[in-house]
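Asker: Here it is: the structure, laid out below.
Bear in mind these aren't lab numbers, they're just calculated from the coordinates by the rules spelled out. For clarity, every value in this text was computed on a predicted model and none was experimentally measured. Neighbour counts run over all protein chains shown; Cβ positions are idealised from the backbone, glycine included.
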Amino acid sequence: MIASVRRSVRLASGLALTGLVAGLLAGVSIAPSQSAPPNHNKVVSAVPSNTPAVDNGSVRSITQIGDQVVLAGNFTRARSVGGSQVTRNYLLSFDADTGQISSSFVPSLNGSVEEVLPGPTANTLYVVGGFSQVNGANSSRVTLLNLSDGSRVPGFNPPALNGRANTIQRSGNRIFVGGNFTNAGGSFYGGLVALDATSGNVMPYLNLPVTERHNNSGHGAQGAVGVRDLDVTPDGSRLVAIGNFKRVDGQPRDQAVVIDLTSSSATVANWQTRRYEPYCFNWAFDTYVRGIDMAPDGSYFVISTTGGHNNGTLCDTAARFESNATGSNIQPSWVADTGGDTLWAVETTEEAVYVGGHQRWFNNALGSDRAEPGAVPRPGIAALDPRTGVPLKWNPGRNPRGAAVYALHASSSGLWMGSDTQWVGNRDYRRPRVAFFPLASGAAVADDSKPTLPGSVYLGGPGGSTLRTVAFNGTTAGTPSTANSGGIDWSRVRGAFRVGNSLIYGQNDGALYKRSFDNGSFGPATKLDPYNDPAWAGVDTGSGNTYDGRVSAFYSQIPSVTGMYYDNGRLFYTLQGQSALFYRFFSVDSGIVGVDQFQASTGRNWSTTSGLFAAGNTVYAASSISGSLTAITVQNGIPSGSSSTVGSGVDWRARGLFIGGAAQTVNEPPTAAFTADCTDLSCDVDAGGSNDTDGSIASYAWDFGDGDTGSGEQSQHSYAAPGTYTVELTVTDAADATDVATRQVQVTEPQEPPTSDLTFRDSASAAHDSAHPRLSIPDQAQAGDTLVAFATFASDSPNPVAPAGWTPVADETFGNMAGFVWTKTATASDAGASQQWTLSGSPKATLTIGAYGGADSADPIGDATVANASSTASHTTPSATAGTGDWVLSYWADRSSSTTAWSSPGSVAARESAYGAAGGRITSRLADSDGPVASGQVGGVTATTDASSPRSMSWTIVLHEN
């Protein structure tokens with residue numbers, strides 16, 4: 001089983017918030033990406049697990065296939081956990097649990113490996129790079145290997161490329177390869193080509209050459225033109241590529257391009273950013289984009305860069321772009337700036353954007369090889385908030401930093417990291433060139449949920465140190481009363497807001513503080529100073545300075561703050577004497593305030609603000625002049641909609657104004673509901689449909705109507721006699737409110753199961769693409785047995801002529817496939833005898849024969865029905881009529897280039913499966929009831945395929961007993 005097929009982000013060696021795309025063209029089939037989301041619900045641990053050691057070179061790419069982790073790079077020696085050194089050139093695999101390097105996966109390549117990716121079938125691996133031979137045979141830059149023994153997978157024959165392949169990604173039946181080449185198999189393909197995922201054949205679907213060197217100045221660094229890295233949205237609708245180019249298919253797309261995959265041929269999308277057009281120290285960097293990764297839901301992607309600190313550019317940054325944006329001057333949603341240090345690897349998860357390089361700091365947009373206001377230490381690796389790019393609290397670090405983290409790979413169990421260094425932390429954990437940060441021991445990102453209304457609003461100050469509270473529902477306010485001040489001098493407070501169970505507030509000393517807050521009770525104060533992490537204080541960077549950061553410039557503004565609230569990664573605030581509402585990005589998890597200040601609203605004068613708070617889609621502002629409270633509707637995240645005065649009768653002016661908790665509410669009673677499922681004299685009851693809208697159900701009480709009772713959400717009861725009974729359920733909530741539901745059930749005496757002389761004897765099947773397909777009668781068939789033959793053809797007119805002795809039962813044509821059923825009474829010499837059908841052509845086909853004893857030789861088939869379906873992975877047999885003691889045969893077949901496995905339910909016995917080869921093949925499965933059925937309607941058995949079938953047939957055959 002492939003547990004993770006997320007791609008890794010790597011460096012090609014030798015080279016210095018919106019929704020998914022919609023409105024796809026009708027009739028165009030879009031292949032989904034094969035990248036499985038890591039499904040992380042928290043940030044990984046900062047303490048690495050034990051891993052093998054890579055003893056030289058660097059790790060450039062990582063992927064995981066089942067329990068095997070594959071490393072690629074320019075290394076030649078490695079050792080298992082607790083083991084001795086072994087030779088492994090460019091590639092190795094090891095067990096993710098034990099850290100033992102595989103002794104059987106030792107492929108031989110004559111050149112560099114740039115990236116690895118899980119193959120199209122289990123236990124296979126795509127490899128791309130600069131090699132031209134694999135295991136002594138020619139294989140130019142792209143190959144598919146067996147993970148079990150390192151051999152090349154037969155049938156995968158990609159074209160020769162005339163330059164290095166840097167990156168690969170799979171989407172459905174296509175693989176996209178990017179690199180520094182201009183020719184694929186003798187045809188012009190400029191840096192980007194699509195191949196068939198199974199055969200490796202070139203797919204003309206994509207022919208969009210990347211051209212022109214980014215540094216077209218004629219001097220300085222002059223690298224090869226081509227694609228460095230790429231990724232595809234999970235729905236397969238868009239591809240994003242970065243690299244050394246200025247044009248794609250003749251259109252200006254400097255170093256970054258989005259390609260539309262929704263049409264019959266790929267096209268350059270209406271997506272262009274000009275932020276990668278500037279040169280960045282082009283004497284050293286021809287191209288400075290380094291890595292790209294798509295978000296798990298495909299809504300955005302992040303690009304990492306090198307290039308040195310150049311004001312106003314995206315050099316030495318990570319930047320988020322929205323996948324479905326359109327236009328010719330698209331701007332990033334956020335930019336995370338190192339202040340002059342290179343970033344390479346980038347990997348997105350549901351909770352964090354992990355980035356690695358040789359950076360010293362993040363949040364350092366004002367810095368140039370030194371920490372400036374806002375900078376926080378993040379040596380060599382960091383986790384960013386996907387919404388804002390502000391660093392999260394996670395900070396394992398790497399010292400020494402070396403050249404870079406070249407590879408990051410998120411699996412379902414954690415995060416793999418590949419680099420050219422040996423330590424995690426400040427020489428805390430020796431993990432030579434590969435490390436694993438487990439998810440299980442990680443930590444959830446801090447709760448930043450906003451409180452809601454109705455609730456209790458707290459007002460601190462403005463004139464004294466007291467704290468008041470007032471009930472407020474968004475429109476009407478109660479009577480204020482004095483509350484516990486928590487030991488805070490509220491006259492010194494400069495803005496406050498509550499998130500989760502925490503209160504964050506500023507003080508006139510120019511700092512932010514955080515306390516726990518629960519129902520009016522305050523915890524101790526903690527000063528938020530993530531800029532000077534004790535773990536990295538005073539530690540030498542190796543570049544002439546230390547990792548010490550610098551306090552945010554926002555701290556100097558705090559004494560002038562007149563109101564403050566938080567919403568979805570942004571800290572909004574007003575300043576004394578200024579008419580604007582401002583915001584900065586902010587992480588509740590780390591306490592880091594973003595460097596850039598944005599102006600949120602110009603349509604309202606905010607200079608008279610004396611307190612702010614937010615709930616739902618509304619911001620509330622207190623007036624310093626009148627003490628009134630104004631509600632302003634939020635539009636697109638900014639309070640800019642209609643406004644109205646609310647909460648009359650209260651003076652709302654405050655230094656700190658925040659929602660503290662829910663107001664007292666009236667308990668809502670629960671609702672009782674249940675289902676009953678009875679068989680014979682026994683009934684199972686389930687109260688899962690019961691609910692309590694404002695709490696939880698405390699108890700369930702059952703009265704079964706015959707004097708017996710029960711408890712629990714589910715219960716079971718057996719009655720002594722048949723009849724109709726009234727079952728009553730009583731549910732009680734935590735406040736002792738109750739509700740009752742009743743239902744009548746009918747129970748009957750057990751029925752004797754049907755019997756039959758029918759029995760399954762044996763079966764056989766085969767796949768063909770011949771004009772004279774053959775199949776032998778099952779070896780265990782006996783004289784007098786009923787033989788049932790099924791044939792399905794990838795043709796609408798196969799015109800089959802059956803062997804002598806076979807009687808046709810039914811046939812069906814559905815588009816470009818046809819199905820036939822015959823029956824025959826076996827003779828004493830039939831067992832193992834070859835049967836040949838004659839066709840009018842040579843279509844792909846499967847043949848299946850089942851042998852059954854005890855059937856009515858004169859009239860063995862009681863009923864035969866067929867149903868057709870298209871574009872589905874679920875295939876249901878049609879209804880048919882059976883008599884008591886009959887057996888039911890279920891047969892499914894499809895025409896598909898993707899199906900590799902059938903699954904049938906446990907209610908039937910699977911007898912045969914047959915799988916054709918190549919595109920448009922036929923696959924099929926035979927099953928039966930494995931015993932007699934009761935009289936009445938039968939069928940309705942659903943089998944599934946591992947891929948959606950363009951066309952399928954499902955048969956129900958009723959077999960009469962003798």
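Asker: Using the crude model of +1 on Lys and Arg Cβ and -1 on Asp and Glu Cβ, and no other charge, please compute the dipole size for region 53-438 relative to its Cα centre, in debye to 20.
Answerer: For region 53-438, the charge dipole is close to 720 debye.
Asker: Projected onto the charge dipole of the chain (+1 at Lys/Arg Cβ, -1 at Asp/Glu Cβ, origin at the Cα centre), which of 211, 147, 717 gives the Cα projection farthest towards the positive end?
Answerer: 211
Asker: Distance between Cα centroids, region 158-219 to region 729-796: provide it in whole Å.
Answerer: 49 Å
Asker: Can you compute the modelled spin-label distance between residue 465 and residue 744, with each label point 7 Å from Cα toward Cβ, in nm?
Answerer: A separation of 7.4 nm, rounded to one decimal place.
Asker: Apply the a/c threshold of 1.5 to the C-alpha gyration tensor of region 141-286 and tell me whether it is rounded, prolate or oblate.
Answerer: prolate
Asker: Please list, in chain and number order, the residues 5+ apart from residue 672 or on another chain whose amide H is under 5 Å from its amide H, with Hs placed from the backbone.
Answerer: 740
Asker: At a 10 angstrom cut-off on C-beta neighbours, averaged per residue, how do the peptides 884-892, 641-649, 379-387 rank from highest to lowest?
Answerer: Put in order of decreasing packing, that is 379-387, 884-892, 641-649.
Asker: Given the convex hull over the Cα atoms of region 841-962, what projected area results after averaging over all orientations, in nm²?
Answerer: 7.6 nm²
Asker: In addition: Give me a comma-separated list of calculated 3J(HN,Hα) values for region 303-317, in order, Karplus coefficients 6.51, -1.76, 1.60 applied at θ = phi - 60°, integers in Hz, x for any Gly or Pro.
Answerer: Whole-Hz 3J(HN,Hα) from phi for region 303-317: 10, 10, 9, 10, x, x, 6, 10, 3, x, 10, 9, 6, 6, 9.
Asker: Okay, next question. I want to make sure I understand the PRE zone here: with the label point 7 angstrom from the Cα of residue 718 toward its beta carbon, which residues in region 745-769 have backbone N atoms less than 13 Å away?
Answerer: Residues 750 qualify, since their backbone N sits under 13 Å from the label point.
Asker: Further, regarding this structure: Suppose R0 equals 60 Å; then what is the FRET efficiency for residue 734 and residue 85 from their Cβ-Cβ distance, rounded to the nearest 0.05?
Answerer: Efficiency at R0 = 60 Å is approximately 0.45.
Asker: Mind listing the phi-derived Karplus ³J(HN,Hα) values for region 72-88, rounded to whole Hz, using 6.51, -1.76 and 1.60 with θ = phi - 60°, and x for any glycine or proline?
Answerer: After applying 6.51 cos²θ - 1.76 cosθ + 1.60, I find 10, x, 10, 7, 9, 9, 7, 8, 5, 4, x, x, 9, 5, 10, 8, 9 Hz.
Asker: Quick one: if you stick a label point 7 Å off each Cα along the C-beta vector at residue 726 and residue 780, how many nm between them?
Answerer: 5.5 nm
Asker: Read through the labelled values (i) 110, 66, 60; (ii) 104, 85, 55; (iii) 117, 99, 86 and report the label of the one computed as Cα extents along the principal axes in Å from the structure.
Answerer: Recomputing Cα extents along the principal axes in Å here gives the entry labelled (ii).
Asker: Right, something else. Given the Cα-Cα distance of residue 430 and residue 350 and 0.36 nm per residue of separation, how much length would full extension add, in nm?
Answerer: 26.0 nm is the gain from fully extending residue 430 to residue 350.
Asker: On to the next question. Can you tell which of 892, 784, 116 lies farthest toward the positive end of the dipole of the chain, using +1 and -1 charges on the Cβ of basic and acidic side chains (Lys, Arg; Asp, Glu)?
Answerer: Working it through, the farthest residue towards the positive pole turns out to be 116.
Asker: A further question follows. For every helix of n ≥ 4 consecutive DSSP H residues, a contribution of -39,500 (n - 2.57) applies; sum these over the chain, divide by its total residues, and give [θ] at 222 nm rounded to the nearest 500 deg cm²/dmol.
Answerer: 0 deg cm²/dmol
Asker: Also, quick follow-up: Given the Cα-Cα distance of residue 546 and residue 842 and 0.36 nm per residue of separation, how much length would full extension add, in nm?
Answerer: That pair, residue 546 and residue 842, stretches by 99.1 nm at full extension.
Asker: Quick check on region 368-448: take the gyration tensor over C-alpha atoms, sort the square-rooted eigenvalues as a ≥ b ≥ c, and tell me if it's rounded (a/c under 1.5), prolate or oblate.
Answerer: Verdict is oblate for region 368-448.
Asker: R0 = 41 Å: FRET efficiency of residue 281 with residue 47, Cβ-based, nearest 0.05?
Answerer: For residue 281 and residue 47, the calculated efficiency is 0.65.
Asker: A further question on this structure: Provide the convex hull volume over Cα atoms per residue for region 611-678, in Å³. Working shown, then result.
Answerer: Numbers: hull volume 11.7 nm³, N = 68.
So the per-residue hull volume is 173 Å³.
Asker: What is the pair-distance distribution P(r) of region 759-959, computed from all Cα-Cα distances in 5 Å bins starting at 0, with each bin given as a whole percent?
Answerer: 1, 8, 18, 22, 22, 16, 10, 3, 0
Asker: Under a Cβ-only charge scheme (Lys and Arg +1, Asp and Glu -1), can you give me the dipole magnitude of region 733-862 about the Cα centre, in debye to the nearest 20?
Answerer: Approximately 760 debye in magnitude.
Asker: Let me ask something else about it. Taking the Cβ-Cβ separation of residue 870 and residue 98 as r and a Förster radius of 51 Å, what is the calculated FRET efficiency to the nearest 0.05?
Answerer: Between residue 870 and residue 98 the formula returns 0.65.
Asker: Within region 482-526, which residues have the backbone N less than 16 Å from the label spot 7 Å out from residue 576 along Cα→beta-carbon, could you tell me?
Answerer: Residues passing the 16 Å test: 490-496, 506-511.
Asker: So, in nm, how far is label residue 834 from label residue 766 when the simple model puts each one 7 Å beyond its Cα toward the Cβ?
Answerer: Spacing of the two 7 Å Cα→Cβ label points: 0.7 nm.
Asker: Taking every alpha carbon pair in region 549-692, what does the distance histogram look like in 5 angstrom bins from 0, in percent?
Answerer: Percent of Cα pairs in each bin: 2, 8, 15, 17, 14, 9, 6, 5, 5, 5, 4, 4, 3, 2, 1, 0, 0.
Asker: Compare the Cα positions of 936, 882, 957 along the charge dipole of region 831-962 (+1 at Cβ of Lys, Arg; -1 at Cβ of Asp, Glu; about the Cα centre) and return the one farthest towards the positive end.
Answerer: 957
Asker: For region 53-438, rounded, prolate or oblate, judged on the Cα gyration tensor with a ≥ b ≥ c (square roots of eigenvalues), a/c < 1.5 rounded, else prolate if a/b > b/c?
Answerer: Working: a/c = 1.62, a/b = 1.06, b/c = 1.52.
Because a/c hits 1.5 or more and a/b fails to exceed b/c, region 53-438 counts as oblate.
Asker: If the viscosity is 1.567 mPa s and the temperature 4 °C, what Stokes-Einstein diffusion coefficient in µm²/s follows for region 697-841 when Rh is the Kirkwood radius over Cα pairs?
Answerer: On the way: Rh = 21.0 Å.
Once the numbers are plugged in, D ends up at 62 µm²/s.
Asker: Same structure again: To the nearest 20 debye, what charge dipole does the chain have about its Cα centre, counting +1 at the Cβ of each Lys and Arg and -1 at the Cβ of each Asp and Glu?
Answerer: 5220 debye
Asker: May I have the extent of the alpha carbons of region 317-473 along their three principal axes, as whole Å values ordered from largest to smallest?
Answerer: 59, 45, 36
Asker: Evaluate the relative contact order of region 877-954 (contact order divided by residue number), counting alpha-carbon pairs under 8 angstrom at least 6 apart; express in whole percent. Let's see the in-between values first.
Answerer: Working: 183 pairs, mean separation 38.4, N = 78.
Relative contact order for region 877-954 comes out at 49 percent.
Asker: Stick to Cα atoms and the Kirkwood definition of Rh, then tell me Rg/Rh for region 41-139.
Answerer: Value, to two decimals: 0.98.
Asker: Once you have the Cα-Cα distance between residue 525 and residue 403, take 0.36 nm times their residue separation minus that, and quote the gain in nm to one decimal.
Answerer: 39.9 nm is the gain from fully extending residue 525 to residue 403.
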